[in-house]
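Report on the structure given below.
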Amino acid sequence: MQYPHIDPVALSFGPVQVHWYGLMYVFAFLTGWILGRWRASRPWSGWTAAQVDDFVTWVMLGVILGARLGYVFFYDLAAYLSDPFEVIRIWNGGMSFHGGLIGVVTASWLWGRRHGKNLAEILDFVAPLVPTGLFFGRIGNFINAELWGKVTDCSLGMVFPGGGPLPRHPSQLYEACLEGLVTFAILWIWSSKPRRRGSGAGLFAGLYSLSRIA
């Protein structure tokens with residue numbers, strides 16, 4: 001199959017361009033916020049809607065800063081040293097899950113200290129919400145035609161721009177399905193009633209790892 005060549009720019013207003021990649025982050029945070037408020041409404045949650053609103057603001061900053069800086073330091077530091085302003089051009093892609101995870105954990109810990117909540121409790125609450133963000137993030141990777149997989153001769157292979165003439169696995173879509181939809185479904189069902197502290201975060205870590213390995 002040929003990559004469908006999706007325009008990375010979703011909307012244009014004169015010189016201002018809104019990229020699909022940036023919109024995916026908006027969709028991710030909006031979905032997480034809505035689901036978080038719903039979870040807070042459960043009698044056993046121990047959270048209020050106001051706490052979710054405040055927490056999401058902290059997480060947004062943690063994700064964006066952590067994911068961007070993680071990509072810069074883990075993957076292509078030399079390129080960003082040669083053009084430091086590229087660090088702020090997140091619409092060009094380049095966000096690291098590993099850095100985003102560090103950012104989320106750090107923001108959660110800092111927020112928890114201010115509100116008297118244990119980090120494990122916070123991560124258990126957040127765990128079922130994260131896969132929706134991963135889903136939108138991988139769709140953004142696909143639109144940007146980045147993070148494609150190995151060369152393949154199977155019928156799902158795609159010829160990506162910048163990936164050479166041979167078809168490659170659309171691994172962004174595989175990960176959107178496994179890390180996103182499948183992991184979300186399992187965690188959402190698992191967390192529908194009170195569980196032992198730490199089990200939600202642990203289940204997410206296991207499912208995410210298995211998804212990436214697969």
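Only residues that are more than 12 Å from residue 101 (Cα to Cα), surrounded by fewer than 18 Cβ atoms within 10 Å (Cβ to Cβ) and either among the basic types (Lys, Arg) or in contact (Cβ under 8 Å) with a residue 12 or more places away in the chain (or both) were counted in segment 62-78, giving 4. Within segment 28-53, residues that are at positive phi sit with their Cβ atoms under 9 Å from residues that are basic (Lys, Arg), at 6+ positions apart or across chains, in these pairs: 46/117. Only one entry in 120, 185, 176 is in contact with a helix residue (DSSP H, G or I) (Cβ under 9 Å, 6 or more places away or on another chain), touching a residue at least 40 places away in the same chain (Cβ under 8 Å), closer than 15 Å to residue 211 by Cα and among the aliphatic types (A, V, I, L, M), namely 176. Does residue 112 count as within 12 Å of the chain's Cα centre (by Cα) and open to solvent by less than 40 Å² (accessible area, probe 1.4 Å)? Here the answer is no, as residue 112 does not meet what is asked. Each residue in segment 148-185 was checked for being over 22 Å from residue 36 (Cα atoms) and over 14 Å from the mean Cα position of the chain (by Cα), and 25 of them qualify. Scanning segment 50-61 for residues that are over 17 Å from residue 96 (Cα atoms), surrounded by 12 or more Cβ atoms within 10 Å (Cβ to Cβ) and aliphatic (A, V, I, L, M) yields 52, 56.
The rows are residues; the columns are (1) modelled with pLDDT of 90 or more; (2) in contact with a Cys (Cβ under 9 Å, 6 or more places away or on another chain); (3) of a type in the set (D, E, K, R); (4) assigned to a loop (DSSP other than H, G, I, E, B).
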site	(1), (2), (3), (4)
104	no, no, no, no
113	yes, no, yes, no
122	yes, no, no, no
140	yes, no, no, no
145	yes, no, no, yes
156	yes, no, no, yes
172	yes, no, no, no
178	yes, no, no, no
194	no, no, no, yes
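Every listed requirement among (1) farther than 30 Å from residue 156 by Cβ; (2) open to solvent by 40 Å² or more (accessible area, probe 1.4 Å); (3) assigned to a loop (DSSP other than H, G, I, E, B) is met by residue 45 save one, (2). Just one of (1) open to solvent by 30 Å² or more (accessible area, probe 1.4 Å); (2) among the β-branched types (Val, Ile, Thr); (3) closer than 29 Å to residue 111 by Cα fails for residue 151. It is (3). Within segment 1-33, being surrounded by 15 or more Cβ atoms within 10 Å (Cβ to Cβ) and among the β-branched types (Val, Ile, Thr) holds for one residue alone: 31.
Applying the condition of being of a type in the set (A, V, I, L, M, F, W, C) and under 18 Å from residue 149 (Cα atoms) to segment 165-214 and asking which residue is least open to solvent (accessible area, probe 1.4 Å) yields 176.
The values are calculated or read from the model by the stated rules, or taken from the named source; none is laboratory data. Bear in mind the structure is a predicted one, so any value in this text is a computation, not a measurement. Note: ideal-geometry Cβ built from the backbone for every residue, glycine included; neighbour counts use all protein chains shown. The accessibility values were calculated without ligands, DNA or RNA, using every heavy atom of the protein model including side chains. Shrake-Rupley method; radii C 1.70, N 1.55, O 1.52, S 1.80 Å.
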